[in-house]
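Written below as structure tokens is the structure these notes are about.
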Amino acid sequence: MDTFLIDALDEGIILFNTQGKILHVNPAIKALSGEGFFLKDGVQLPEACESILSEDQYMDVMVQLENLVDQDVISEFAIANKRSPVPPRSIPRNGFIININPIPSKPDLFLLHLKQGRSTNPTKSIPAMVDTYPSFTKNIMEALPLILNIHDPETRDIIYSNGKIKEVLGYSLEEFRKMGNALIERLIHPRDAEKVATYHANLPFLEEGDAKTLEYRMKDVSGSWHWLKCWDTLLANEAGEFSSKILSLALDITPTKISNQLVEEQWRLRKKLETEDKFEKLLEACGFAILEISNCDALGIYLVDDETGNLELIYHEGLSPEFIRETRCYSRDSPSAELVYQGTAIYKTHGEIRKKMDDVRKQEGLKALGILPLKIKNKIIGCVNIASHDLERIDDRLQKSIETIASQVAFTIMKWKDERELEDYKKHLEAIVEEKNFQLRERMKELQCLYDMTNLGEESKSTVTLLENAVNVIPQSFQYPDYCHARIMYGDVAYSTPGFKQTPWMLSESTDLHGRTLEIVVIYDVERKFLEEEEKLIKIILQKLKQVLERNVNRIKVQESESRFRFIFHNAPVALLEEDFSEVRASIDRFKRDGIQDIKGYLKENLKVVRELASQVKITAANNESINLFHAGDESALIGSLEHLLPSSSLVEFEKELHLILDHQQLLEVETTRKTLTGRLKNVIVRMMNPGENKRFEKILVGIIDVSALKRAELKIESQYKKFLAILESYPEVIYVCDPETHELLFVSNKLKEFLGKDPTGEVCYKALQDLDEPCDFCTNDILFKKKKPYVWEYHNPLIERDFLITDKVIKWPDGRDVRFEVAIDITKRKEAEKHLEVILKKLRRSNRELEQFAYIASHDLQEPLRMVSSYLQLIERRYGEKLDATAHEFIDFAVDGAKRMKTLINDLLLFSRVQTRGKAFLETDLNEVIDEARKNLQFMIQETGAVIQNDELPTIKVDKTQFIQLFQNLLNNAIKFHRDEVPFVKVSCRKDEDAWIFSFKDNGIGIKKEYFKKIFLIFQRLHAKGLYPGTGIGLAICKHIVARHGGKIWLESEPGAGSTFHVAIPHDVEEFDKRSDLYQIEGS
């Protein structure tokens, strides 16, 4: 069998038979397997493979053989009884692809094809076959893993094919032949079409022994592209003679090409990243790499907006401007963005792209073939969208390479973002550093200015010197000190630097200091702009200057305060001592170091130690009152140890004074005794005061109040208190004192003990007095402590069946607490009398009603006979008047006049009785309308006498309007009727007092003597004869009755011949009197 074709290939080929014997090995095997492989007679295939393959690869070969023949045949290294063709199988292992192919026409022969899958070396050209190998066999051609065709270069007709076209491209030989000249246009990649056409055009001009080779892309029946490497040479026969036919071999190098292309593109990108610093150029290189590998002609690279999540187009290739405008940005919730955020690459085979993106591409004639999310550490930072005008899908074998390049794109974008952020951050830091340096320089100038200000405050003895020096310091802290001038205004006085003047470039700040204005003005004498920091600086300088001035003022005040303190100390009306407890403090610290934990307990048990501590207290100052209190000649007599003022009896109290130090208190008061220099004991209150900053207790201010007289008074009060309790105990009414918090009875009188039959002192009041288990719901404690005044109430105690009038009051108990003091007067008998009185009042009210009815009936029945008497007398006078003499006529006139007066008296009496019985409700009434109505009723009298009535503006109050018209009318009537010869004049005035309205009716009449002031208000009382002034004498009685019904009061002021003034007082709460109007009826009756 001729093997020249096998030897021409650069991939390893082993020819072996059914017994596993190697018949031929081509030269490429040695290149792939190295020196470890050797061929000699009788070498079996397993043995040969074991020498060149790893254990895993060796097992893979056995598995393939296992799938081709029975296990027992494999075990004997023989392949027998196998006649039908078997499809090739391949298993990649450790960089090799191993194929075992049966030769169809030779069932006893097999080819083992060993190929390096990751080799990047280009395939070698076929050598001239005629010189080396004279012939080849059809069987070998069919077994080879490549496309083999023999065709006529002139007609392009395929004379022979080994059938591998179907395996590689999916087309049958007949389909291939029918394409004819359209082959290039339909199946050859557009980028390779021109070079393939040129290649085929040159084939007819091949010379003997020449061979041509070409790599190009061809589309299979599914639309995927295959890289093919073809060899073309003139065909030679067995005798070595060349014919005009061309032998064409084509090997599918797609895996190798993809791998090589990926490596090349990665290498190119890596070089680009190392040398290119422009981001746009880097994106261009990335896009070119993806298009090269994917065989597409359009793409867009999108970047995720960190804030919105939208996809923004940052690079594109093969897209029209119109298309770019429509797809420049995909919102976060758009269909395209949803596909990206799924996080996995999506290709045309996925329904999502066909459904959501094909419509977008229609107008461009583009087909969306893939969406590749760009991820860094599982974070999506963008995507690459690839599309094509010609392709229907992306070859599955290319997808891994495309995704590899896409990851390189993601890395490129992330690196660019990081570099951009780093550059921005670097610029930001540089700006911050520059700003900080500037601020530091300005701050140093500011601090220097403030430091100088502070020194000036300490060095300057007067405010004037301070301000004169301060104004020269200020310009040095500004940006242009040579052009800067300053002025300080304090009150009305100005302090300026030389050359200060008003300019447009000025800063000023002012504040108030002790009622005077403190102002700083800074100017530039040339055009300069003040910095924002300088605007802040002038405020800081102003505040610092204010502080320095305040310290000066405060220093003076402290000096003055110290002088005042010494003056007050020495002249205070209370005895004051300044005592030094620093040695006592040191002794107590020593006790603690010696391990004494309970200092207070230790001192209480060791008064001798207390005496020693008292001797350590030093009096450093004493005022005049202290000198007098302790009978000292002068202050020096008291300076020294405190021990000479402490009697032995006061050591216990002095131990309490030491609590000031032990407890670090600032104020302590102790009642004790002190001894004068003459040996006299005095009861005193010692009040010790220690300022918080006096940690060493060097200057303790001690106030001493002589309470000897107070003590004597307390003893006297205590004696009187005991006597008072004895009086309360024997008081004939119930008295008790109760704690409002605990309800404990603190004191009870003998009367309460008598009622209860026991002494309840110490018990709770609600149990002892009411037999209850909890406080009474009618307890008056809350009322007492809220109103802070006595509370009077009545109560029936069911426990002892007695009625009491109770007065509760809050008092101070001797121990200082507020307690309830209660006095309960037994009013049981009064209550019984009130009940009896109520019965009498009911009878009296009934009697009044009967009298009222009697008055009405009497007045009505009495008027009838009077009318008859008057009528018949008048009839007699008319009929018999001529027969009667003058005396008879006079008698008749007297009788008629008497009947008329009797009728008037009866009507007045009826009117008087109706004040109470026929009264109306009190309503808001305008008294101006009331007096106008009264004027109308008296219109005839006013016209007849020419009377003048004047009135103030009267208020609106609640009254019985009808009765008030009667009241005003009666008072005005009297004022006009009892007039002198001159024209009557009445003045009605009004004023508002705290409790009532006061109405006054003043006239210029005849006046009334004082002895008749009460008589004129009685019913039917007259002061003048009937002939002088008409009337029955009931008018003022009715007035009094009306005023009484309104709860008011009526009185007068008058002198004979000087006129009279009647006053009427109507209370503000007049309705309350109306409710008790029956009582006025009783009084009136």
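Some points to look at:
- Taking the criterion of being more than 15 Å from residue 684 (Cβ to Cβ), surrounded by 14 or more Cβ atoms within 10 Å (Cβ to Cβ) and of a type in the set (S, T, N, Q), the only residue of the stretch 624-644 that qualifies is 624.
- Cross-chain or 6+ apart pairs with Cβ under 8 Å, the stretch 702-718 first and surrounded by 15 or more Cβ atoms within 10 Å (Cβ to Cβ), then at pLDDT 85 or above and in a helix (DSSP H, G or I): 704/626; 704/629; 706/629
- Qualifying residues in the stretch 838-881 (those that are within 30 Å of residue 793 (Cβ to Cβ) and surrounded by 12 or more Cβ atoms within 10 Å (Cβ to Cβ)) - the one modelled with the highest pLDDT: 841
Okay, residues lined up against (1) without any contact (Cβ under 8 Å) to a residue 24 or more places away in the chain; (2) within 50 Å of the chain's Cα centre (by Cα); (3) assigned to a helix (DSSP H, G or I); (4) surrounded by 13 or more Cβ atoms within 10 Å (Cβ to Cβ):
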position: 501; (1), (2), (3), (4): no, no, no, no
position: 509; (1), (2), (3), (4): no, yes, no, yes
position: 512; (1), (2), (3), (4): yes, yes, no, no
position: 522; (1), (2), (3), (4): no, yes, no, yes
position: 535; (1), (2), (3), (4): no, yes, yes, no
position: 542; (1), (2), (3), (4): no, yes, yes, yes
position: 549; (1), (2), (3), (4): no, yes, yes, yes
position: 576; (1), (2), (3), (4): no, no, no, yes
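- Strands (runs of 3 or more DSSP E) contained in the stretch 660-746 and holding at least 3 residues under 28 Å from residue 585 (Cβ atoms) and at pLDDT 80 or above: 667-675, 681-689, 700-706
- Conditions (1) under 60 Å from the mean Cα position of the chain (by Cα); (2) β-branched (Val, Ile, Thr); (3) under 27 Å from residue 706 (Cα atoms); number of the one not met by residue 639: (1)
- Tally of residues being outside any loop (DSSP other than H, G, I, E, B), in contact with a helix residue (DSSP H, G or I) (Cβ under 7 Å, 6 or more places away or on another chain), modelled with pLDDT of 80 or more and aliphatic (A, V, I, L, M) across the stretch 987-1036: 2
- On the stretch given as the stretch 747-780, residues that are assigned to a loop (DSSP other than H, G, I, E, B) and among the polar types (S, T, N, Q) total 3.
- Single unsatisfied condition, residue 1084 versus (1) at pLDDT below 85; (2) more than 30 Å from residue 845 (Cβ to Cβ): (2)
- Residue pairs meeting the criteria (Cβ under 7 Å; at least 6 apart or on separate chains; first in the same structural domain as residue 767 (by TED's automatic domain parsing), in the stretch 741-755; second outside any loop (DSSP other than H, G, I, E, B) and of a type in the set (Gly, Ala, Ser)): 745/768; 750/730
- Of the helices (runs of 4 or more DSSP H) that lie entirely inside the stretch 243-331, those containing 2 or more residues that are crowded, with 16+ Cβ neighbours inside 10 Å and touching a residue at least 40 places away in the same chain (Cβ under 8 Å) span 254-275, 279-294.
- One residue alone among 322, 317 is at pLDDT 85 or above and outside the structural domain of residue 227 (by TED's automatic domain parsing), and that residue is 317.
- Within the stretch 190-228, tally of residues that are surrounded by fewer than 19 Cβ atoms within 10 Å (Cβ to Cβ) and outside any helix (DSSP H, G or I): 16
The values are calculated or read from the model by the stated rules, or taken from the named source; none is laboratory data. Note that the structure is a prediction, hence the values are computed from the model and not measured. Cβ atoms come from the backbone with ideal geometry, glycine included; neighbour counts cover every protein chain shown.
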